[in-house]
Amino acid sequence: MKFIIQRVTHAEVAVNQEIIGKIRKGFLVFIGISQEDNQSIADKMVRKLINMRIFEDEQGKTNLSLQDVSGELLIISQFTLYADCKKGNRPSFTKAGDPVLANTLYEYIISECRKELPIVQTGSFGADMKISLLNDGPFTIILDSEEIC
């Protein structure tokens, strides 16, 4: 499982030119799910995400979490995080989880995040989405379950 976490001042996602999710200060999170992923891995990744301290405190140190700053989440499913570009110029996506598994875990991650935070917005699984954001910093973190689990 891979999470690309971007600290943002605001972000939104649109499908068919209609905004379906919108946040203010918080994290825009792109989630990639592989065939080997499961709920146990998702739990560890969500715990790491929720407790990630990358907001500045009064001294300017990145020492505050989403909860500390009343931050919001926008969660987007993105199978392309498992692109394999070793051969040729056209990426292969065979490492990405099949859509049924990926959607099940995506929905599970959303539900777990909603237990911890009051505002969790989402994209639409499998849709052609347009994402707009203002990256704060810029500050982008890559969480890979192979490195933290």
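Of note:
- Test: residue in the stretch 49-67 that is in contact with a helix residue (DSSP H, G or I) (Cβ under 7 Å, 6 or more places away or on another chain) and within 19 Å of Ser145 (Cα to Cα): yes
Here is a yes/no grid of residues against (1) part of a helix (DSSP H, G or I); (2) in contact with a helix residue (DSSP H, G or I) (Cβ under 6 Å, 6 or more places away or on another chain):
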{"site": "Leu73", "(1), (2)": "no, yes"}
{"site": "Leu134", "(1), (2)": "no, no"}
{"site": "Ile141", "(1), (2)": "no, no"}
{"site": "Glu146", "(1), (2)": "yes, no"}
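- Restricting the stretch 35-49 to residues that are touching a Cys at 6+ places or on another chain (Cβ under 8 Å) and surrounded by 18 or more Cβ atoms within 10 Å (Cβ to Cβ), the residue that is farthest from Ser124 (Cα to Cα): Ile41
Per-residue answers, yes or no, for (1) closer than 16 Å to Met1 by Cβ; (2) among the small types (Gly, Ala, Ser):
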{"position": "Ser65", "(1), (2)": "no, yes"}
{"position": "Ser92", "(1), (2)": "no, yes"}
{"position": "Glu107", "(1), (2)": "yes, no"}
{"position": "Thr122", "(1), (2)": "no, no"}
{"position": "Met129", "(1), (2)": "no, no"}
{"position": "Leu134", "(1), (2)": "no, no"}
{"position": "Phe139", "(1), (2)": "no, no"}
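- Screening Asp128, Asp136, Asp98, Asp84 for residues that are over 22 Å from Val13 (Cα atoms) and either crowded, with 17+ Cβ neighbours inside 10 Å or in contact (Cβ under 8 Å) with a residue 60 or more places away in the chain (or both) leaves exactly one candidate, Asp98.
- Residue selected from the stretch 1-34 under the condition under 13 Å from the mean Cα position of the chain (by Cα) and assigned to a loop (DSSP other than H, G, I, E, B), by the criterion surrounded by the most Cβ atoms within 10 Å (Cβ to Cβ): Ile33
- Of the residues making up the stretch 20-38, those that are under 12 Å from Ser145 (Cβ atoms) and touching a helix residue (DSSP H, G or I) at 6+ places or on another chain (Cβ under 8 Å) are Ile31, Gly32, Ile33, Ser34, Asp37, Asn38.
- Test result for Leu49, under 16 Å from Phe139 (Cα atoms), in a helix (DSSP H, G or I) and modelled with pLDDT of 95 or more: yes
The values are calculated or read from the model by the stated rules, or taken from the named source; none is laboratory data. All figures in this text were calculated on a predicted structure; none of them were measured in a lab. Note: ideal-geometry Cβ built from the backbone for every residue, glycine included; neighbour counts use all protein chains shown.
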